[in-house]
Amino acid sequence: MNFPIAFHPIYKHPLPDGHRFPMVKYELLPQQLLLEGTANQTDFFEPSKLCGDIDVLRVHTSEYLKNLKALNLDRKAARKLGFPLNNQLVERELYIAQGTIDGCIKAFEYNIAMNIAGGTHHAYTDHGEAFCLLNDQAIAARYLQHHQLANKILIVDLDVHQGNGTAEIFQNDDSVFTFSMHGAGNYPFKKELSDLDIALPDHTDDSSYLNELHHILPDLIAQEQPDFIFYLCGVDVLETDKLGRLAMTLDGCKKRDEFALSAFAKARTKNNNRIPIQCSMGGGYSPDIKLIIEAHANTYRVARDIYT
């Protein structure tokens with residue numbers, strides 16, 4: 001293994017016919033990466049276990065976790081999830097969160113680790129929403145801090161939707177810096193307050209998006225000097241995305257990843273060590289599943305080129 005990628009078959013969860021979430025991408029993306037040689041079979045690892053309550057409860061409330069596992073959410077709270085609530089869905093979320101934790105551990109050895117799923121940034125301390133039940137990167141960030149593997153953490157969220165749950169979880173916490181660059185006109189329509197929010201107007205194109213990112217990201221990393229970086233690299237920034245309102249091309253989305261991952265690779269901790277990176281995929285809802293897979297695969301291609 002030199003390019004660790006978390007994956008479990010449970011990531012592809014069965015949904016009712018016609019559901020708008022493209023769950024099949026979690027099956028197709030690993031197949032594409034193997035087919036083209038971007039990843040080898042030995043790069044993939046299954047999460048070591050279901051994420052334990054002790055790790056989840058550093059982020060989420062005991063009442064929420066108890067009701068989630070008992071399938072005892074009230075009707076309104078269950079509807080906000082966007083998925084039919086059942087035991088397999090909860091198990092899936094626990095595996096995803098553990099995949100992100102395990103990836104963090106591997107990133108200390110391999111510099112970077114990926115999770116085929118994750119990026120569940122709409123999960124708050126006490127509820128889930130918008131296809132997010134448990135906040136995988138927040139859980140992993142608290143795991144790192146609890147085990148004294150990292151003190152200062154930077155979360156870079158470039159999904160088209162603001163990381164509202166992540167912002168709420170880490171509000172008033174200087175040890176985790178939350179940066180979200182997202183569409184101003186996108187869900188969530190009531191935004192939370194990240195440490196840094198860049199809200200882009202509808203139809204923002206490649207040039208405008210990349211200029212904004214170039215202006216902000218390297219200085220932010222230098223300013224915060226994190227011990228660990230989480231990258232949420234949703235591909236719902238594409239013009240074709242059903243749930244996005246930006247106007248980026250496939251090439252522009254790839255250049256976003258090239259710039260972000262290059263900036264991470266160049267940065268160093270206070271001790272002049274390379275900063276470990278964990279990447280969770282986040283959203284992608286273009287009508288053509290091939291376009292979603294290509295956009296996500298670009299993230300892996302770029303990461304492999306830069307880090308291996």
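For G185, the criteria (1) under 29 Å from F21 (Cβ atoms); (2) buried (at least 23 other Cβ atoms within 10 Å of the Cβ) hold in every case but one, which is (2). If Q98 satisfies all but one of (1) of a type outside the set (V, I, T); (2) assigned to a helix (DSSP H, G or I); (3) surrounded by fewer than 17 Cβ atoms within 10 Å (Cβ to Cβ), what's the number of the condition it fails? All conditions pass for Q98, except number (3). Only one of the numbered conditions (1) under 24 Å from Y11 (Cα atoms); (2) open to solvent by 10 Å² or more (accessible area, probe 1.4 Å); (3) touching a residue at least 60 places away in the same chain (Cβ under 8 Å); (4) not polar (S, T, N, Q) is violated by P287, and that is (3).
Of everything in the stretch 184-238 that is of a type in the set (G, A, S) and part of a loop (DSSP other than H, G, I, E, B), the residue that is nearest to L149 (Cα to Cα) is S194.
Please work out if D43 is in contact (Cβ under 8 Å) with a residue 12 or more places away in the chain, surrounded by 15 or more Cβ atoms within 10 Å (Cβ to Cβ) and touching a Phe, Trp or Tyr at 6+ places or on another chain (Cβ under 6 Å). When the stated conditions are applied, D43 passes them.
Restricting the search to the stretch 103-137, which residues are under 12 Å from H60 (Cα atoms) and either open to solvent by 50 Å² or more (accessible area, probe 1.4 Å) or part of a strand (DSSP E or B) (or both)? Hit for the stretch 103-137 is D126, nothing else. Applying the criterion of being among the polar types (S, T, N, Q) and outside any helix (DSSP H, G or I) to the residues of the stretch 155-173, the residue that is surrounded by the fewest Cβ atoms within 10 Å (Cβ to Cβ) is N172. Scanning the stretch 138-154 for residues that are touching a helix residue (DSSP H, G or I) at 6+ places or on another chain (Cβ under 7 Å), part of a helix (DSSP H, G or I), open to solvent by less than 20 Å² (accessible area, probe 1.4 Å) and more than 24 Å from N86 (Cβ to Cβ) turns up A140, L144. Taken together, K49, K76 contain a single residue that is open to solvent by 70 Å² or more (accessible area, probe 1.4 Å) and not in a loop (DSSP other than H, G, I, E, B), which is K76.
The values are calculated or read from the model by the stated rules, or taken from the named source; none is laboratory data. Only a predicted model underlies this, so the values are computations on that prediction, with no experimental measurement involved. Virtual Cβ from ideal backbone geometry, glycine too; neighbours counted across all protein chains shown. Surface accessibility is based on the protein's heavy atoms, side chains included, excluding ligands, DNA and RNA. Shrake-Rupley method; radii C 1.70, N 1.55, O 1.52, S 1.80 Å.
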